[in-house]
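Visitor: Next up is a structure, given as structure tokens.
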Amino acid sequence: MKSSEIRNAFIKYFEKNGHKVVPSSSLIPENDPTLLFANAGMNQFKNTFLGLEKRDYSRAVTAQKCVRAGGKHNDLENVGFTARHHTFFEMVGNFSFGDYFKKDAIHFAWEFLTKELAIPKEKLYVTVHISDDEAADIWHNQEGVPRERIFRFDKDNFWKMGDTGPCGPCTEIFYDHGPKAGTISDPFKGIEAGEDRFVEIWNLVFMQYFENPPGTLTPLPKPSVDTGGGLERMSAAMQGVFNNYDTDLFQPMIQLACKIGNIEYISDKEVLAKNPAAAETTAALRVLADHCRSTSFLIADGALPSNEGRGYVLRRIMRRAIRYGRKLSADKSFLPGMAEALIESMGAVYPELKTRRDHILNTIRDEEDRFIATLDKGTAILEDELKKAKSKGIKELSGEVVFRMYDTYGFPADLTRVIANEQGIEVNEAAFEKEMEDNRAKSKASWKGKSMGADEAHMIKFAKDYLQSGKSVTFLGYEGTIGDGKVMGLSNGQAEVQELKTGDTGLMILNATTFYGEGGGQAGDVGYIMNDTNRARVINTTKIDDIVLHHVEIEHGSFKVGTAVVTGVDPVERRNTAANHSATHLLHAALRKVLGTHVTQAGSLVDSQKTRFDFTHNKPVSSEEIKKIEDLVNEQIARCNPVQTEMMSHKAALEKGAMALFGEKYASDVRVLTMGDFSCELCGGTHVKNTSEIRLFKIVSEAGVSSGVRRIEAITADNAVQYMMSAVTHLDDALAAAGFQKSPHYIKHLETTGETATLANRVESLKDQVKQLEKEMKKLQGGQVNVDDLAANALTFKTKAGASAKLVLADVPLDDRQVLAEVTDHLKNKIQSGIVVVVGQGDGSHPIIVSVSKEISGETKAGDLLKEVAGVMGGKGGGRPDFAQGAAPNRAQLNEAFGKVKSMLGL
């Protein structure tokens, strides 16, 4: 049975049993800073389980993309070397939010496995928590599982969301791969030991308690169910293989890698046990196949390789894969081709792979090129360090070396560890982490930023407490900037309070507001909250789980919970922000038309001053392309298209062609923003009513921000008009300075005569003239120095070998080093063999040049002579044995310095 058929069968089975089919969430968690990557099916339902979010269904089924490669859940080191560890995997799961509980959950699981998949019951074992007699009885009495096939465990069968929160016992289903898969025949001992023969294929978590510290369990009024099964493990069972890597989820990539490198893939455990070289090749192929999956899916969901946070984990995965690829072949590239095979095999299920295909492949190629450029050199240096350690009998690589490999050569610490471990040497990871912390501290030493006044943990609690009370905030900002509201909650930034008075700062929650809370790349609104006697200035607006937090300074009066107020957003700030936001949508569409449909948003920041837009593209945007983009956006502005918004289901919006923006969380019903037939996107931000309100669009900068990502900054409306007016003024001044006459029909004049281009040519011509004049001046300056007289006055000295040589000591009243160097060369040519010391004359600092003939530079070095001369004159310098230069401030000591040279040569 193919993996795609298993996935479809799972979804359809639960759909016919009343479950809502919910698409996989992004691997990049939405509004959850506690999570590095989505690592379980329940992640996207976390707020639903916590009671913070209500959905229009109480049963759900998903096939969730998951990555475990950092933090608490980190399988990276085991990947490729065990049958079932992966960085990327799919978790199929069904969920009940206060609907069915143990009886139905157990029945669904058993029926699906034994009837839908037709797995023989004698191949399955069940575990339950030692306290959960209810689940054990259901398995035996309801589903007929013999007691001797039901095992009881403690910690392994109890699940917690965190130190506090929902928790409960779980029951797991294990599949027996048979005696060839492992060495332990007793199922209880095999499961307890985590043996490869008995593999967990499904875990059913029963959230029936809420844990309060210290360890107090309170029964939940509406228990829930969270289940998860690894598709890879189910596929191995259904395809009759012991190892997940032998399933159709991995084989397309592995077989392609074998073709690329002319390699044989061997999966037989007995053969591998007897052939270390084959085992190493097989492990490398499995690492590549797994890492290709996590790499491609992470990039498709918006992650990019970097040296911080999620980007660093992605970089570690990619570089680990590249290094294993180099072990298979020194000149073949595996990862890009394997990614293409993955996109081909899984693109139908996860369309984001196909949509972002070019971006995925370009990012992989760029990172591979970057790493390979330093891999060989870095490996050689690491090998040298390992040899030194072994020669001294040291069994541990220092943290300083590990950090240098990371900082200079881009070697993640775990890659250095792998290479070191291959030679029997451990890595001092604690010392490496200290080096990393010290480096971060240095980076932050000059940071002048000011942290937020409100304690962040308190802000989150303040918003969540309000949400859990069953209250909400109505946003009135789409209709206008002024509205009525009532104070529902107050905080001084550290704790919830009942009143804020004149001079206080804090947070305010209203039942309704016109203020937009920062989100979707748009900055929060500013303005005032007031009534007849009180006034508070809103300095920022943020949002946590749809609860709008107004950051306020009380200017006069006081505000209490229950106070009726009027909200007033600064209309100019809102208008300019709206213009920039709407222009961002037009920019996005224009970029895709000019550069290609591989362009997708990778981040944005919109405020009243500018729009900053990050997008996927692997090379700089040319000036011609920028002009085309600007022309397209300004054409749409000139068309005066109405900006239309409508609410519809997420599915209907995507079918309409609306683009979903990176990093934005969307509900089941979404707001679709359309501008003519040019742009259609999902967006909850504030916008203009008509494109004409944007007035003008101008790109002011374009640059790269990371591998495969470019950044454009642009301005609109008043800022753009002022910018262009200023540019025209500067152009007028430049044209006048260049001697051009301004025509009454100015624009037509510029178009027909091409004087702007002529101006550029005129400037280049003048620059060329200046360069030529500078050359001629230097030639004249050099000609003022009588080289023949200086050479004629040269002193004769004996070298250590007894040969005669000449010494020229020249005092030249010039400051130009190039001219002085030419004078020095002329003098050296004149005397043929000897030493030339030239001291120039500048403002405050005087140049010094020493040149020594190569035949005597071995015994008398130019650098040594320069140090003496410069030292006497209070300066310094350095250089090669035959040529050195420096500078000194005290020219009054010139004769003494020349005398020092003579004495050094025995004159």
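Visitor: Once the Cβ-Cβ distance between Gln841 and Lys798 is put in as r, and R0 is 30 Å, what FRET efficiency do you end up with, to the nearest 0.05? Mind dumping the intermediate values first?
Guide: On the way: r = 32 Å, r/R0 = 1.06.
It comes to 0.40.
Visitor: What percentage of the solvent-accessible surface of the range 180-328, computed with a 1.4 Å probe over protein heavy atoms, is contributed by carbon and sulfur atoms? Provide the component values of the computation, followed by the final result.
Guide: Details: 2960 of 5770 Å².
Carbon and sulfur atoms account for 51 percent of the accessible area of the range 180-328.
Visitor: Ranked by accessible surface with a 1.4 Å probe, highest first, in what order do Glu868, Glu195 come? Don't jump to the answer; show the numbers that get you there.
Guide: Details: Glu868 70, Glu195 25 Å².
Largest to smallest exposure gives the sequence Glu868, Glu195.
Visitor: Once the convex hull of the C-alpha atoms of the chain is built, how many Å³ does it hold per residue, rounded to a whole number? Working shown, then result.
Guide: Details: hull volume 231.5 nm³, N = 907.
Considering the Cα atoms of the chain, their hull volume per residue is 255 Å³.
Visitor: How large is the Kirkwood hydrodynamic radius of the range 153-259, in angstrom, based on all distinct alpha carbon pairs?
Guide: Working: mean 1/r = 0.0624 Å⁻¹.
Final number for the Kirkwood radius of the range 153-259 is 16.0 Å.
Visitor: Quote the relative contact order of the chain in percent (integer), defining contacts as alpha-carbon pairs under 8 Å separated by 6+ residues. Write out the running numbers ahead of the final one.
Guide: Values: 1664 pairs, mean separation 51.7, N = 907.
Computed value for the chain: 6 percent relative contact order.
Visitor: Just to be sure I understand the model, the point goes 7 Å from the Cα along the line to the Cβ. What's the resulting Asn428 to Val572 distance in nm?
Guide: Going from the Asn428 label point to the Val572 one covers 6.0 nm.
Visitor: To the nearest 10 Å², what's Arg319's accessible area with a 1.4 Å probe?
Guide: In the full protein context, Arg319 sits at about 20 Å².
Visitor: Under 20 Å from a point placed 7 Å out from the Cα of Ser726 along the Cα-to-Cβ direction: which residues of the range 563-579 have their backbone N that close?
Guide: 573, 576-577, 579
Visitor: Then there's this: What angle, in degrees between 0 and 90 and rounded to the nearest 10, separates the Cα long axis of helix 276-300 from the longest principal axis of the Cα atoms of the chain?
Guide: The two axes meet at around 90 degrees.
Visitor: About its Cα centre, what dipole magnitude does the chain give when the only charges are +1 on Lys and Arg Cβ and -1 on Asp and Glu Cβ, stated in debye to the nearest 20? All intermediate terms of the calculation are to be shown ahead of the outcome.
Guide: Numbers: 111 positive and 122 negative charges, 327 e Å.
In total the dipole reaches around 1560 debye.
Visitor: Between Arg55 and Ala457, take the C-beta separation as r, use R0 = 30 Å, and let me know the FRET efficiency to the nearest 0.05. Display every interim value, and only then the final one.
Guide: Numbers: r = 27 Å, r/R0 = 0.89.
Given R0 = 30 Å and the Cβ-Cβ separation, E is 0.65.
Visitor: Sticking with this one: What share of the DSSP beta bridges in the range 475-533 is antiparallel, in percent to the nearest 5? Mind showing how you got there, number by number?
Guide: Working: 7 of 8 bridges.
Looking only at bridges with both residues in the range 475-533, the antiparallel portion is about 90 percent.
Visitor: Here is a follow-up. Classify the range 394-444 as rounded, prolate or oblate, taking a ≥ b ≥ c as the square roots of the eigenvalues of its Cα gyration tensor: rounded when a/c is under 1.5, otherwise prolate if a/b is larger than b/c and oblate if not.
Guide: Numbers: a/c = 2.97, a/b = 1.84, b/c = 1.62.
Because a/c hits 1.5 or more and a/b exceeds b/c, the range 394-444 counts as prolate.
Visitor: When only Cα pairs under 8 Å and 6 or more residues apart are kept, what is the percent relative contact order across the range 394-444? Let's see the in-between values first.
Guide: Values: 47 pairs, mean separation 24.3, N = 51.
Over the range 394-444, the number comes to 48 percent.
Visitor: So if we plug the beta-carbon distance of Asp248 and Lys628 into 1/(1 + (r/R0)^6) with R0 = 41 Å, what FRET efficiency do we get, rounded to 0.05? Don't jump to the answer; show the numbers that get you there.
Guide: On the way: r = 45 Å, r/R0 = 1.09.
Between Asp248 and Lys628 the formula returns 0.40.
Visitor: Can you compute the modelled spin-label distance between Thr218 and Ser706, with each label point 7 Å from Cα toward Cβ, in nm?
Guide: If labels sit at Thr218 and Ser706, their model points lie 4.1 nm apart.
Visitor: So how do Leu272, Leu353 rank on accessible area, 1.4 Å probe, biggest first, that is with the largest at the start?
Guide: Details: Leu272 25, Leu353 0 Å².
Final ranking, largest accessible area leading: Leu272, Leu353.
Visitor: I would also like to ask the following. From zero outward in steps of 5 Å, how is the percent of C-alpha pairs of the range 3-241 spread across the bins?
Guide: Answer for the range 3-241: a P(r) of 1, 6, 13, 18, 21, 19, 13, 6, 2, 0 percent.
Visitor: Right, something else. Among Glu280, Glu655, Glu77, what's the order by accessible area (1.4 angstrom probe), most exposed first?
Guide: On the way: Glu280 100, Glu655 135, Glu77 75 Å².
Descending order: Glu655, Glu280, Glu77.
Visitor: Right, here's the next one. Taking the chain as the reference, fit the longest principal axis to its C-alpha atoms, fit the long axis of helix 413-422 to the helix C-alpha atoms, and give the angle between the two in degrees, 0 to 90, nearest 10.
Guide: Around 90 degrees separate the two axes.
Visitor: Related question: Between Tyr312 and Val418, with labels modelled 7 Å along Cα→Cβ, what's the label distance in nm to one decimal, could you check?
Guide: So the label points at Tyr312 and Val418 sit 1.9 nm apart.
Visitor: So how tilted is helix 3-16 from the main axis of the chain? Cα-based, degrees 0 to 90, rounded to 10.
Guide: Here the helix axis deviates by roughly 50 degrees.
Visitor: Just subtract the alpha-carbon distance of His140 and Val561 from 0.36 nm times their residue separation and send over the number in nm, one decimal.
Guide: Numbers: separation 421, 0.36 × 421 = 151.56 nm, distance 5.60 nm.
Using 0.36 nm per residue and subtracting the Cα-Cα distance, I get 146.0 nm.
Visitor: Let me ask something else. So which of Lys332/Lys395; Lys354/Lys593; Lys798/Lys861; Lys46/Lys501 end up more than 27 Å apart by C-alpha? Kindly include the intermediate steps, with their values, before the conclusion.
Guide: Numbers: Lys332/Lys395 33 Å; Lys354/Lys593 18 Å; Lys798/Lys861 15 Å; Lys46/Lys501 37 Å.
Listed pairs above 27 Å: Lys332/Lys395; Lys46/Lys501.
Visitor: If you don't mind, another one. What would the Debye equation give as log₁₀ I(q)/I(0) for the range 81-173 at q = 0.12, 0.13, 0.22 Å⁻¹, counting only Cα atoms as equal point scatterers?
Guide: With no solvent term, the Cα-only Debye profile gives -0.45, -0.52, -1.30.
The values are calculated or read from the model by the stated rules, or taken from the named source; none is laboratory data. Quick caveat, the model's predicted, so the values are computed rather than measured. A quick note on method: Cβ atoms are made from the backbone with ideal geometry, for glycine too, and the neighbour counts reach across all protein chains shown. The protein model used for the area step is the full one, side chains on, heavy atoms only, and it has no ligands, DNA or RNA in it. Shrake-Rupley method; radii C 1.70, N 1.55, O 1.52, S 1.80 Å.
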